1. Mind giving me the FRET efficiency for Thr26 and Ala101? R0 is 25 Å, r the Cβ-Cβ distance, nearest 0.05 is fine.
2. Compute the Rg to Rh ratio over the range 60-102 from the alpha carbon atoms, using the Kirkwood formula for Rh, and round to two decimal places.
3. Mind grabbing the accessible area of Lys73 for me, 1.4 Å probe, Å², rounded to tens?
4. Take the solvent-accessible surface of the protein heavy atoms, probe 1.4 Å, and return the percent of it on the range 16-91 that carbon and sulfur atoms account for.
5. Once you have the Cα-Cα distance between Arg78 and Leu54, take 0.36 nm times their residue separation minus that, and quote the gain in nm to one decimal.
Amino acid sequence: MRGHLTAAIVAVFLCAGAAAAQDFDTNNDWCFDDEAEPDRRIGACTWLLTSGRLTSESYAPVYNSRGIAYDDKGDYDRALRDYDEAISLNPVDSIYFSNRAATHNHMNEHDK
């Protein structure tokens with residue numbers, strides 16, 4: 001009986017681990033899916049940022065992608081905050097600067 005119980009517990013943990021991996025993969029796909037609705041992308045990117053599973057190099061692209069989704073919604077202040085975070089994490093990737101400039105353009109802040 002004890003062996004069956006141990007096997008059942010191991011199976012539960014394996015299933016939970018597989019589900020967590022699937023959640024990570026699903027949210028990663030949604031975060032970077034340009035075709036997905038902005039709210040879905042924002043939620044997925046936020047999930048990734050709070051998952052504790054990103055590598056240090058992965059944060060900047062996720063902030064950038066969430067910034068794009070906020071920009072798509074017209075939530076420019078949040079978009080700018082995410083671009084600023086991406087830039088602070090990786091100041092050599094010019095796409096983050098370009099996306100931030102595009103958001104300033106949408107806000108008619110052409111001098112920025």
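1. Values: r = 31 Å, r/R0 = 1.26.
That gives a FRET efficiency of 0.20.
2. On the way: Rg = 8.8 Å, Rh = 9.5 Å.
Across the range 60-102, the Cα-based Rg/Rh ratio is 0.92.
3. Lys73 has an accessible surface of roughly 110 Å² with all protein chains in place.
4. Working: 1820 of 4120 Å².
For the range 16-91, the apolar C and S fraction of the accessible surface comes to 44 percent.
5. Details: separation 24, 0.36 × 24 = 8.64 nm, distance 2.10 nm.
Full extension of this stretch gives 6.5 nm more.
The values are calculated or read from the model by the stated rules, or taken from the named source; none is laboratory data. Model, not experiment: these values are computed from the prediction. As a convention, Cβ positions derive from the backbone with ideal geometry for all residues, glycine included, and neighbour counts pool all protein chains shown. When the accessible area is computed, the model is the full protein with side chains, heavy atoms only, and any ligands, DNA or RNA have been set aside. Shrake-Rupley method; radii C 1.70, N 1.55, O 1.52, S 1.80 Å.
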